[in-house]
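The values are calculated or read from the model by the stated rules, or taken from the named source; none is laboratory data. Please read all numbers here as calculations on a predicted model, not as lab measurements. We place every Cβ from the backbone using ideal geometry, glycine too, and count neighbours over all the protein chains shown. Surface areas here come from the heavy atoms of the whole protein model, side chains and all, with no ligands, DNA or RNA. Shrake-Rupley method; radii C 1.70, N 1.55, O 1.52, S 1.80 Å.
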Amino acid sequence: MANHSSSYPILHASFNQNNSGFVISTPDGFKIFDPNTGRLCYERAVGGFIIVEMLYSSSLLAIVGAGEQPSLSPRRLCLFDTKTNAPLREMTFLTSILAVRLNRKRLVVVLKEKTYIYDSNSLAILDTIDTVPNLKGLCAFSPSLDGCFLALPASTTKGSVLVYNVMELQSHCEIDAHLSPLAAIALSSNGTYIATASEQGTIIRVHLVSEATKSYSFRRGTYPSNIFSLSFAPSLQLPDILAATSSSGSVHIFSLGFDTNQRSKKSSSFLGSILPDSVNDALDPANHHVLHNAVSAGVRSYTVVRKVDKVADSSSSEFASCRNIP
C-alpha cells in the first residue's frame, strides 16, 4: 500500500471516522483501501491532493489539491462523489486550506489564522474561529456527535490547546499542556481524551476533555524528538492505546489501561510532592512499548499498527504488545 521512493512521496494518508477505509494520496492521485484486507476500493489519478477526507463509508470525499495544476488549487475545497466521479460542491478560500475534518453534522476547514465551521448538509457557515498563526494546520477532531470536539493551538509560545464544542458552537476549555509550543494533538474518537506533544517531544500528556484535567503523562524519551503524529486506538468506549511517531524512527505505543490513581499516588509521595510537574512526569509509570527502527529516522512517515495484543509480562501485569501483520 505504501511506496517508499523519495521521488514518489505520500502527500496524505488517513483513516475514515470508523476506520473502515484508508486513503493514500500521491502526486498522481489517491487510492482508498479496505484496511482489513488491503483491497483497493477506489482510485482516481488526476493529480496530487494534499487532503483527502472520507465521510465514513459513504461516497462523499472532501478533497484539496496540492497546487501542482491550476485546477487543483490548495485554496479550493471540493466535495466529491465517488459514485458519479463528479464534484458536488466547491468552496474557495482566501488562503491555503491546511486541514479538513467532517462528520455527518459538521464540516471543519482550517486555515492559517481562521477555522470555519459549516453544517455538513446545507454547507451554511455556523461559526468562524480566529486562531493564533497555525502554520502546520494542527488540529484534532472527534467525530462522535455526543462528544464532538475540535482542538486547535491556542498559543505560539507555549503548549496551550483550545477545545471547542462543534455541536454547541462554543469554546469548551483551554488546556495548558506544555511549556513549549505544540507539535501534535489528537482526540479520541468519542471525545473523551485529548493527547498532546510539544516541540520538545519528550513528554506526551493525555487530558480528560470533560474536566480539562490531566489523566496520564508518558515519557517518550530523554532526548528531544520531533513528534510527527499521535493517534488513539479506535474504541466505542474508553481508548486503551495511544501511538506516537517521531523523527527518532521508532513508534511508541502507550497503554492507557492502568489505574489513573497511580499517577496521583505517585505525585502525593514525598519525592513526588517536592518535584515540579515537569520532573514529576518522569515518575509516572512508563506503560509503553517501543517498535525500534520502525521507519527511517528523520523521515516523516505514516504508520499503521495492524494488530495490538494484550499479553502478560514477567510481572504478570497486562501490557500492550504489538506485532506486525503483513
Amide H partners (placed H, <5 Å) of A154, local residues excluded | S160, V161, L162
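Under the √(5λ) rule applied to the eigenvalues of the Cα gyration tensor, what semi-axes describe the equivalent ellipsoid of the range 80-147? Give them in Å, descending. Write out the running numbers ahead of the final one.
Numbers: eigenvalues 87, 50, 27 Å².
Working from the Cα gyration tensor, I get semi-axes of 21, 16, 12 Å.
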Solvent-accessible area per residue for the range 9-95 at a 1.4 Å probe radius, Å²?
-> 47
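Is there a quick way to get the dipole size of the range 9-95? I mean about its Cα centre, with the Cβ of Lys and Arg at +1 and of Asp and Glu at -1; what is the value in debye to the nearest 20? Display every interim value, and only then the final one.
On the way: 7 positive and 7 negative charges, 21 e Å.
Charge dipole, the range 9-95, about its Cα centre: 100 debye, nearest 20.
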Taking Rh as the Kirkwood radius computed over C-alpha pairs, what is the Stokes-Einstein D of the range 9-95 at 10 °C in a medium of viscosity 1.306 mPa s, expressed in µm² per second?
-> 123
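Rounded to the nearest whole Å², what accessible area per residue is found for the range 114-167 with the 1.4 Å probe?
Details: 2140 Å² over 54 residues.
In whole numbers, the range 114-167 has 40 Å² accessible per residue.
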Given pairs K83/K105; K114/K158; K114/K136; K83/K136; K31/K83; K112/K158 and cut-off 24 Å on Cα-Cα distance, the over-length ones are K83/K136
Run the 1.4 Å probe and let me know the accessible area of E53, rounded to the nearest 10 Å².
-> 20
Give the residue from F15, T26, M91 lying farthest towards the positive end of the charge dipole for the range 9-95; charges sit on Cβ (+1 for Lys and Arg, -1 for Asp and Glu) and the dipole is referred to the Cα centre.
-> M91
Pull up all non-local amide H partners of L256: gap of 5 or more, or a different chain, and H-to-H distance under 5 Å with H placed in the peptide plane.
-> I241, L242
